[in-house]
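Trainee: Let me begin by handing over the structure; questions about it come next.
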Amino acid sequence: MKIKNKIFSVLLLSCVAFSSAQISKFTLDLDESSTNIKIQPTMYGIFFEDINFAADGGIYAELIKNRSFEFDELLTGWKQQNTQTLSHNLDSGFLTIYSDHSKTNKNYARITVHNDKKYVLENEGFRGIGLHKDAKYDFSFDLENVSGNISAVNVSLVDENGAVISTVPIIIKEKGWQKYKAVFSPTRTVEKAKLQITFTGNGVVNMDMISLFPQDTWKGRKGGLRKDLVQKLYDLQPGFLRFPGGCIVEGRTLAERYQWKKTLGNVADREYLINKWSSGFAHRLAPDYYQSFGLGFYEYFQLSEDLGAEPLPILSCGMACQFNTGELVDLEKLNPFVQDALDLIEFANGDINTKWGKIRAEMGHPKAFNMKYIGVGNEQWGEDYIKRYKIFEKAIHAKYPDIKIISGSGPSPDGDFFDYGWKELKKLNAQIVDEHYYNSAKWFQQNAARYDKYDRNGPKVFAGEYAVQSVKVVSPDNKNNWESALSEAAFMTGLERNADVVTMTSYAPLFAHADGWQWTPDLIWFNNLYSYATPNYYVQKLFSTNKGTDLLRIYHNKNSVSGQDKIYATAVKDSKNNEVIIKIVNTDSEKKSIEINPGNIKLGQKLMKIVLTAPALSDENNFKTENIQPAEDNSIIKNGKFSVEIPANSLVILKIK
Ligand code: AHR
């Protein structure tokens, strides 16, 4: 019995050895027979929405939450140390909120201090305040000395245990509102610090706009954006920046829609609004999630310019989020909404003598932003949308015939709403239709040929929001694992192969705060100090930075390559760098030997091979390590046909001069 087992084991082992030595072969034929299809510079872009604390608490580098007491719960984020620790002990002082309803930033705090005791007010930041050792932080607040004599005001940064990391005294001047400034330089790195303002003496002061910003922001701008996060966007070399969403454009009600005009001018005067995602999901409630609009439309345009990306603003079309109230503006009352769109184009592109061009110039950008695209509505569906879209389209094109309009086809990539939207939009000769897909890994792999049969004479497609959902859409358990990224890569070969139809694409959502997210998966995760790129990010980056300029054909047995033997492929030429770039995705758990026949294309001998893979499909990156990253390898190939090994479960980019 024992001997029999041994023989069986030997047989089994030799079978395993034999099968692992065997690599299945697959042939790809390149063909230049001029497709004349250009890869649009907008092919791979960015979808930005203030969800998951992406703006306030994220890329907008302000570290103080509710800095001017404008949240509906006026003291959200603030704690009075004496009254919280010892209830009804008003011994050292108290706080009252005053409101001036003639202003957009209406509230301020009045602090009354007595008995020469210490009164402490504390801000918790956005899930804490992230501080880097020795970095510099600009602190400021507006203070009015009302009466009495407050002998000392100390502003301190304290760690999770209350130990002081950095402190500065503020000398209070005479009466009247004044802006006081100080610079902090923390002696330690702390992820969840707090800001404490300590008042001593007897007297009354008013206080507003308490602000703390790192000095080391993107491009060193005062009150600017978080550098590590913008750098990650910059590294994607995005073709466009879509902003400000997403459902946030629509709002839960029309009153809560995104109104770009309210996001201009002095940041201190921008009116706060509750964030739609504060109550998006019962399992991830965030009642402290507001929009300060410190990152407003001017800053979005500026960011687009910094990134070298086309600005793509999306505006409300008079319909609140149909997943919420679906509140509608009557067609006869739509005019202000349409006017917002026309004014926005003037704001971005108008001469400095125009009303809105002048405002742009006054904010610091006399040169036009050269905006070419505008989105009408986010993810609307049904007859109500088509009726409103028609009105917008007519008005926009009457005044600005060159502006390209993005219209929507609803939240799903198929079904009645989708079919109806497309049918109507085709009839209306819509220019670019936005499609959204949040689906399983299997769906993405099976849909790599989705656009092969799309109408070549119809509207172009903007694959405006997509991401593999490892569990199901809006599940809090969705992961940014390697399987999801690999399946997106497989699908993206189909987007690129159909670059004559699909002209814009973007993964969604973009950012997530590790302690403050509502929606997962997301492209980039961050906490108060650091950020990491997901495998999905690296897939986006590899496609975007290797998008080339012209489409080439690549075939397997004369068919486009979209899943045969679990291989997906696309090829482009980069006429600027004189390169052929082939992208191959292998979703098989076995490596493949791929023979590439260059056909009529004369290739050089230097091959650069970039491989993105992971040991297991469930692997993820995290704050400690980005294990899943592209690895580069250079080799020499012979002229004519050559073979490359494509690892199991990998995305491989081949670049040949
Ligand atoms: O990306 C998250 C949300 O998904 C977007 O806000 C919305 O457009 C879609 O439903």
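The values are calculated or read from the model by the stated rules, or taken from the named source; none is laboratory data. Predicted model, so just to flag it, every value in this text is computed and none were measured. Note that each Cβ is placed from the backbone with ideal geometry, even for glycine, and that neighbours are counted across all protein chains shown. Surface areas here come from the heavy atoms of the whole protein model, side chains and all, with no ligands, DNA or RNA. Shrake-Rupley method; radii C 1.70, N 1.55, O 1.52, S 1.80 Å.
Trainee: Which residue, of I172, I210, I150, I197, is part of a loop (DSSP other than H, G, I, E, B) and over 27 Å from A533 (Cβ atoms)? Spell out how you get there, then give the answer.
Mentor: Values: I210 fails: part of a loop (DSSP other than H, G, I, E, B); I150 fails: part of a loop (DSSP other than H, G, I, E, B); I197 fails: part of a loop (DSSP other than H, G, I, E, B).
Exactly one of I172, I210, I150, I197 is part of a loop (DSSP other than H, G, I, E, B) and over 27 Å from A533 (Cβ atoms), namely I172.
Trainee: Right, here's the next one. Report, ordered by the first and then the second residue, all pairs with beta carbons closer than 8 Å, sequence separation of six or more or different chains, a first member in the stretch 427-445 that is in contact (Cβ under 8 Å) with a residue 40 or more places away in the chain and open to solvent by 40 Å² or more (accessible area, probe 1.4 Å), and a second member that is assigned to a helix (DSSP H, G or I) and away from the ligand (no atom under 12 Å from the Cβ).
Mentor: Hits for this filter: L428/I386; L428/Y389; L428/K390; L428/E393; K442/S487; Q445/S487; Q445/A490; Q445/F491.
Trainee: Can we say A152 is surrounded by 15 or more Cβ atoms within 10 Å (Cβ to Cβ) and more than 30 Å from S506 (Cβ to Cβ)?
Mentor: Values: surrounded by 15 or more Cβ atoms within 10 Å (Cβ to Cβ): no; more than 30 Å from S506 (Cβ to Cβ): yes.
No: the conditions fail for A152.
Trainee: Only one of these is at pLDDT below 95 and of a type in the set (S, T, Y): T189, T200, T217. Name it. Full working, then the answer.
Mentor: Numbers: T189 fails: at pLDDT below 95; T217 fails: at pLDDT below 95.
Step by step, each of T189, T200, T217 is checked, and only T200 is at pLDDT below 95 and of a type in the set (S, T, Y).
Trainee: List pairs: first in the stretch 24-52 and within 16 Å of the ligand (Cβ to nearest atom), second among the charged types (D, E, K, R), Cβ under 8 Å, 6+ apart or cross-chain?
Mentor: G45/R242; G45/E310; I46/R242; F47/R242; F47/E465; F48/R242; D50/D56; N52/D522
Trainee: Still on this structure: Pick out the one residue from V183, V190 that is buried (at least 21 other Cβ atoms within 10 Å of the Cβ) and more than 16 Å from the ligand (Cβ to nearest atom).
Mentor: Numbers: V183 fails: buried (at least 21 other Cβ atoms within 10 Å of the Cβ).
Being buried (at least 21 other Cβ atoms within 10 Å of the Cβ) and more than 16 Å from the ligand (Cβ to nearest atom) holds for just one of V183, V190, which is V190.
Trainee: Consider only pairs whose beta carbons are under 8 Å apart and that are at least six residues apart or on different chains; among these, list those whose first residue lies in the stretch 222-248 and is on the phi > 0 side of the Ramachandran plot and whose second residue is more than 16 Å from the ligand (Cβ to nearest atom) and among the hydrophobic types (A, V, I, L, M, F, W, C).
Mentor: Close Cβ pairs (under 8 Å, with a partner that is more than 16 Å from the ligand (Cβ to nearest atom) and among the hydrophobic types (A, V, I, L, M, F, W, C)) amount to G223/A61; G223/F213; G223/V267.
Trainee: Sort out which residues of the stretch 499-509 are buried (at least 24 other Cβ atoms within 10 Å of the Cβ) and within 25 Å of K566 (Cβ to Cβ), and write them in order of number.
Mentor: Within the stretch 499-509, T505, Y507 meet the criteria.
Trainee: For the stretch 519-560, give me each residue that is among the polar types (S, T, N, Q), farther than 22 Å from S506 by Cβ, over 18 Å from the mean Cα position of the chain (by Cα) and assigned to a loop (DSSP other than H, G, I, E, B). Even if it seems obvious, please write down each step before you answer.
Mentor: First, pick out the residues of the stretch 519-560 that are among the polar types (S, T, N, Q): 520, 527-528, 531, 534, 536, 540, 544-546, 549, 557, 559-560.
Adding the requirement that they be farther than 22 Å from S506 by Cβ leaves 527-528, 557, 559-560.
Next cut, over 18 Å from the mean Cα position of the chain (by Cα) only: 557, 559-560.
N557, the sole residue that qualifies.
Trainee: Can you find a residue in the stretch 197-218 that is free of Cβ contacts under 8 Å to residues at least 40 places away in the same chain, touching a Phe, Trp or Tyr at 6+ places or on another chain (Cβ under 9 Å) and open to solvent by 10 Å² or more (accessible area, probe 1.4 Å)? Outline the logic, then answer.
Mentor: Filtering the stretch 197-218 down to residues free of Cβ contacts under 8 Å to residues at least 40 places away in the same chain leaves none.
No, the stretch 197-218 has no match at all.
Trainee: Sticking with this one: Residue under question is A467, and the condition is that it be away from the ligand (no atom under 14 Å from the Cβ), of a type in the set (G, A, S) and either outside any loop (DSSP other than H, G, I, E, B) or surrounded by 18 or more Cβ atoms within 10 Å (Cβ to Cβ) (or both); does it hold?
Mentor: Numbers: away from the ligand (no atom under 14 Å from the Cβ): no; of a type in the set (G, A, S): yes; either outside any loop (DSSP other than H, G, I, E, B) or surrounded by 18 or more Cβ atoms within 10 Å (Cβ to Cβ) (or both): yes.
Taking the combined requirement at face value, the residue does not satisfy it.
Trainee: Could you check the stretch 219-250 and list, in sequence order, the residues that are crowded, with 22+ Cβ neighbours inside 10 Å and of a type in the set (D, E)?
Mentor: Matches in the stretch 219-250: E250 only.
Trainee: A follow-up question, please. Output the residue which, of all residues in the stretch 371-386 that are under 27 Å from the mean Cα position of the chain (by Cα) and away from the ligand (no atom under 16 Å from the Cβ), is surrounded by the fewest Cβ atoms within 10 Å (Cβ to Cβ).
Mentor: Residue satisfying both the conditions and the ranking: K372.
Trainee: Let me ask another. Take the residues in the stretch 354-367 that are without any contact (Cβ under 8 Å) to a residue 60 or more places away in the chain and crowded, with 17+ Cβ neighbours inside 10 Å; name whichever of them is nearest to the ligand (Cβ to nearest atom).
Mentor: So the residue we want is W356.
Trainee: Filter the stretch 132-147 down to the residues that are part of a strand (DSSP E or B), of a type outside the set (S, T, N, Q) and over 14 Å from V183 (Cβ atoms) and list them by number.
Mentor: Let us first name the residues in the stretch 132-147 that are part of a strand (DSSP E or B), namely 137-147.
Next, from what is left, pick out any that are of a type outside the set (S, T, N, Q): 137-139, 141-144, 146.
Listed by number, the residues that qualify are D142, L143, E144, V146.
Trainee: Additional query: Going by the conditions given, is A508 closer than 22 Å to D235 by Cα, in the same structural domain as E310 (by TED's automatic domain parsing) and within 16 Å of the ligand (Cβ to nearest atom)?
Mentor: Numbers: closer than 22 Å to D235 by Cα: yes; in the same structural domain as E310 (by TED's automatic domain parsing): yes; within 16 Å of the ligand (Cβ to nearest atom): yes.
Considered against the rule, which asks whether it is closer than 22 Å to D235 by Cα, in the same structural domain as E310 (by TED's automatic domain parsing) and within 16 Å of the ligand (Cβ to nearest atom), A508 comes out as yes.
Trainee: Considering only residues that are open to solvent by less than 10 Å² (accessible area, probe 1.4 Å) and not in a loop (DSSP other than H, G, I, E, B), look in the stretch 470-484 and name the one that is nearest to D522 (Cα to Cα).
Mentor: Out of the qualifying residues, it is S484.
Trainee: Something else about it: Is it true that some residue in the stretch 452-461 is open to solvent by less than 40 Å² (accessible area, probe 1.4 Å), in contact with a strand residue (DSSP E or B) (Cβ under 9 Å, 6 or more places away or on another chain), outside any strand (DSSP E or B) and aromatic (F, W, Y)?
Mentor: Keep residues of the stretch 452-461 that are open to solvent by less than 40 Å² (accessible area, probe 1.4 Å), which gives 458-459, 461.
Those still in the list that are in contact with a strand residue (DSSP E or B) (Cβ under 9 Å, 6 or more places away or on another chain) too: 458-459, 461.
From what is left, the residues that are outside any strand (DSSP E or B) are 458-459.
Those still in the list that are aromatic (F, W, Y) too: none.
No: the stretch 452-461 contains no residue that is open to solvent by less than 40 Å² (accessible area, probe 1.4 Å), in contact with a strand residue (DSSP E or B) (Cβ under 9 Å, 6 or more places away or on another chain), outside any strand (DSSP E or B) and aromatic (F, W, Y).
Trainee: In the stretch 582-602, how many residues are surrounded by fewer than 21 Cβ atoms within 10 Å (Cβ to Cβ), among the polar types (S, T, N, Q) and either within 34 Å of the chain's Cα centre (by Cα) or part of a loop (DSSP other than H, G, I, E, B) (or both)?
Mentor: Here the count works out to 2.
Trainee: Y389 - would you say it is away from the ligand (no atom under 14 Å from the Cβ), open to solvent by less than 30 Å² (accessible area, probe 1.4 Å), in the same structural domain as N266 (by TED's automatic domain parsing) and of a type in the set (S, T, Y)? So that I can check it myself, show each step before the final result.
Mentor: On the way: away from the ligand (no atom under 14 Å from the Cβ): yes; open to solvent by less than 30 Å² (accessible area, probe 1.4 Å): yes; in the same structural domain as N266 (by TED's automatic domain parsing): yes; of a type in the set (S, T, Y): yes.
Yes.
Trainee: Moving on to the next point. Do we have I596 as more than 25 Å from K25 (Cβ to Cβ) and of a type in the set (V, I, T) here?
Mentor: Working: more than 25 Å from K25 (Cβ to Cβ): no; of a type in the set (V, I, T): yes.
Here the answer is no, as I596 does not meet what is asked.
Trainee: For the structure I just gave you, tell me whether G410 is more than 24 Å from the chain's Cα centre (by Cα), within 16 Å of the ligand (Cβ to nearest atom) and either buried (at least 23 other Cβ atoms within 10 Å of the Cβ) or of a type in the set (K, R) (or both). Working first, answer last.
Mentor: On the way: more than 24 Å from the chain's Cα centre (by Cα): no; within 16 Å of the ligand (Cβ to nearest atom): yes; either buried (at least 23 other Cβ atoms within 10 Å of the Cβ) or of a type in the set (K, R) (or both): yes.
Considered against the rule, which asks whether it is more than 24 Å from the chain's Cα centre (by Cα), within 16 Å of the ligand (Cβ to nearest atom) and either buried (at least 23 other Cβ atoms within 10 Å of the Cβ) or of a type in the set (K, R) (or both), G410 comes out as no.
Trainee: Considering only the stretch 30-76, state which residues are among the small types (G, A, S), out of contact with any helix residue (DSSP H, G or I) (no Cβ under 8 Å at 6 or more places or on another chain) and more than 27 Å from D522 (Cβ to Cβ).
Mentor: Listed by number, the residues that qualify are S33, S34.
Trainee: Between A512, A533, which is open to solvent by less than 10 Å² (accessible area, probe 1.4 Å), closer than 23 Å to E632 by Cβ and in contact (Cβ under 8 Å) with a residue 24 or more places away in the chain? Lay out the reasoning, then the answer.
Mentor: Working: A512 fails: closer than 23 Å to E632 by Cβ.
Of the residues listed, the single one that is open to solvent by less than 10 Å² (accessible area, probe 1.4 Å), closer than 23 Å to E632 by Cβ and in contact (Cβ under 8 Å) with a residue 24 or more places away in the chain is A533.
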